[in-house]
1. Let me know the shape class of the stretch 2-111, please: from the alpha-carbon gyration tensor, a ≥ b ≥ c as square roots of the eigenvalues, rounded when a/c is under 1.5, otherwise prolate if a/b is greater than b/c, or oblate.
2. Assuming a ≥ b ≥ c are the square roots of the Cα gyration tensor eigenvalues, decide whether the stretch 8-62 counts as rounded (a/c under 1.5), prolate (otherwise, with a/b larger than b/c) or oblate.
3. Using the Cα centre as the reference, give the magnitude of the dipole from point charges on the C-beta atoms of the chain (Lys, Arg: +1; Asp, Glu: -1; all else neutral), rounded to the nearest 20 debye.
4. For labels at residue 12 and residue 68 in the simple 7 Å Cα→Cβ model, what's the distance in nm?
5. Computing the accessible area with a 1.4 Å probe over protein heavy atoms, can you report the carbon and sulfur percentage for the chain?
6. At 7 Å along Cα-to-Cβ for each site, give me the label-to-label distance between residue 122 and residue 24 in nm.
7. Tell me, what is the per residue accessible area of the stretch 40-123 in Å², probe radius 1.4 Å?
8. For the residue pair residue 56 and residue 105, what label-to-label distance in nm results when each label sits 7 Å from Cα along the Cα-to-beta-carbon direction?
Amino acid sequence: VQLQAFGGGLVQAGGSLRLSCAASGRTFSSYGMGWFRQASGKEREFVATINWSGGSTHYADSVKGRFTISRDNAKNTVYLQMNSLKPEDTAVYLCAARGDYGLGYTTQKYDYWGQGTLVTVSS
């Protein structure tokens, strides 16, 4: 499967952005999906994950209550709604797919990666 993330940009602290990740292929609904981020000079970190149906989600503590992951299997797309953004949320955000129906919390659980979209939050 091929993934392409978009929707990043420059936003002021307290603002919102909605990221989208479009997937190719006919089996999108069988993949668990995730969002990760990587700030400059730092390791890639988990942000959020969603199971195949969208009925189960999990978030990193740092974004819980501010970010919402969702998916539309009819559109082969997963979303990340980001509210109350902080400067420390600045990073390249990447979407990923795993060949399993469930949630995934680490990079090792994912088989396919998109190229990422840059989110910059100014103070």
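The values are calculated or read from the model by the stated rules, or taken from the named source; none is laboratory data. What you see is a predicted model; the values in this text were computed from it and never measured. Methodologically, a virtual Cβ is constructed for each residue, glycine included, from the backbone with ideal geometry; neighbour enumeration extends over all protein chains shown. Accessible surface areas use protein heavy atoms only, side chains included; no ligands, DNA or RNA. Shrake-Rupley method; radii C 1.70, N 1.55, O 1.52, S 1.80 Å.
1. On the way: a/c = 1.71, a/b = 1.54, b/c = 1.11.
The shape class here is prolate.
2. On the way: a/c = 1.83, a/b = 1.66, b/c = 1.10.
Verdict is prolate for the stretch 8-62.
3. Numbers: 12 positive and 8 negative charges, 34 e Å.
Computed about the Cα centre, the dipole is about 160 debye.
4. With each label point 7 Å from Cα toward Cβ, the separation is 2.4 nm.
5. Values: 2860 of 6230 Å².
Result for the chain: 46 percent of the exposed heavy-atom area is carbon or sulfur.
6. 3.6 nm
7. Working: 4370 Å² over 84 residues.
Spelled out: the 1.4 Å probe surface of the stretch 40-123, per residue, equals 52 Å².
8. Output for this residue pair reads 1.2 nm.
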